[in-house]
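Take a look at the structure below.
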Amino acid sequence: MTPVLIMLIFRVAEIYQHSIERELIMRYVFFVLAFAALAFAANDGCTDTSVGLNPPSGNDGVAFSVINDWTLANKALGIDVFEGPGFYVLGADNVNDWIQAFDATTGVPAGSLPLSAANGSCFGVAWNNDPDTDTYYTDDWASSNLFYTEDFGVSWTTEPNPAGNNARGMDFDGTDYWTTNGTGGGIWRFLPGTGAENIATPEIPSQPSGLTVFPYGSNLGIAITTYNTHNIYFYQWNGSTLDFMASAACPVSGIDASYGLAYAATNGHMYWSYRTGTAYHIAELTFTITSLERTSWGSIKNSF
């Protein structure tokens, strides 16, 4: 075999090896770009990559039943419920820059509240439970401010957010506001511009997303969901300590992200927002916790 032929064989082998390497590199680049494109398309404030973590079981049992499940045309992040004249689920949509109201009995869109121009990464919304003097608070995963409006979005004012840009789901218990605080950061109980308390939630293994409060005996129940660990975690607050009660799997399988929770005193149901692929949903749920005692919002307010 001539030296020239030997060199040619080695050159062909080298080209073949490089072509395999290029193919592998291109496949890797394609995967990275596809993953990045999916993350960008979701644009939901999630910074957590953990999945499949097992939650603690707690002491009480939790059972869900899905009453309704509505597929939405747009996002509904960090939801809350409006109960006044009318009964609506409120969800943040950072694509259209509004808070969309959905009829809580049909899931049909029923109007929207425009967000501040500076609130372009809105996740959580909390209503002050007073239909006569409406106030709406929102947060933002790209800003450390809370935004609030008292004139249905005509004008907005800001306050520092105790959770900074780690806040996601929010709710109001009639006395205090509550918000999640990012991965491992617990939750905050606060009054805007007045004071705030951070409370640990070590039972939650990944980044929280939605949060709601509800009556639980003479205490306040708090439910929290996470983006990627598809369980809902239940606590009770007695005015000074937060006790973990239970966790239960989200009542729909095959979801990609869990976004929001809201409790309605009108019917005692919970509303949950989530995403499967590119489809956004709100589900209406009944839920049962062992020895759960229903009370009125009035008794919750008067207990503090």
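General observations
- Restricting the first member to the stretch 107-120 and to residues that are over 8 Å from Trp156 (Cβ atoms), and the second to residues that are small (Gly, Ala, Ser), the beta-carbon pairs closer than 6 Å and six or more apart or on different chains are Ala110/Ala101; Gly111/Ala101; Leu113/Gly153; Pro114/Gly153.
- Strands (runs of 3 or more DSSP E) completely within the stretch 121-211 that count 2 or more residues being free of Cβ contacts under 8 Å to residues at least 60 places away in the same chain and closer than 21 Å to Tyr274 by Cα: 122-127, 136-140, 177-180
- Subset of the stretch 103-139 (residues that are open to solvent by less than 20 Å² (accessible area, probe 1.4 Å), closer than 24 Å to Asn68 by Cα and either under 17 Å from the mean Cα position of the chain (by Cα) or charged (D, E, K, R) (or both)): Phe123, Gly124, Val125, Ala126, Trp127
- The stretch 236-248, residues that are at pLDDT 95 or above and either of a type in the set (Ser, Thr, Tyr) or exposed (fewer than 14 other Cβ atoms within 10 Å of the Cβ) (or both): Gly239, Ser240, Thr241, Asp243
- The single condition among (1) of a type outside the set (Gly, Ala, Ser); (2) open to solvent by 10 Å² or more (accessible area, probe 1.4 Å); (3) in contact with a Pro (Cβ under 6 Å, 6 or more places away or on another chain); (4) modelled with pLDDT of 95 or more that Ile224 does not satisfy is (2).
- Residue check for Phe64: open to solvent by less than 40 Å² (accessible area, probe 1.4 Å), touching a strand residue (DSSP E or B) at 6+ places or on another chain (Cβ under 8 Å), aromatic (Phe, Trp, Tyr) and at pLDDT 95 or above: no
Okay, residues lined up against (1) more than 18 Å from the chain's Cα centre (by Cα); (2) among the hydrophobic types (A, V, I, L, M, F, W, C); (3) surrounded by fewer than 20 Cβ atoms within 10 Å (Cβ to Cβ):
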position	(1), (2), (3)
Ile204	no, yes, no
Cys250	no, yes, yes
Ser273	no, no, no
Thr278	no, no, yes
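- Residue tally, condition open to solvent by less than 50 Å² (accessible area, probe 1.4 Å) and acidic (Asp, Glu), over the stretch 89-102: 1
- Residue satisfying condition, being modelled with pLDDT under 95 and of a type outside the set (Asp, Glu), within set Ser121, Ser57: Ser57
- Counting only strands (runs of 3 or more DSSP E) that fall entirely inside the stretch 220-274 and contain at least 1 residues that are touching a helix residue (DSSP H, G or I) at 6+ places or on another chain (Cβ under 9 Å) and closer than 25 Å to Ala73 by Cα, the qualifying elements are 257-264.
The values are calculated or read from the model by the stated rules, or taken from the named source; none is laboratory data. In this text the structure is predicted, and so the values were computed from the model without any measurement. Every residue, glycine as well, gets a Cβ built from its backbone with ideal geometry; the counts of neighbours run over all protein chains shown. Side chains included, ligands, DNA and RNA excluded: accessible areas come from the protein's heavy atoms. Shrake-Rupley method; radii C 1.70, N 1.55, O 1.52, S 1.80 Å.
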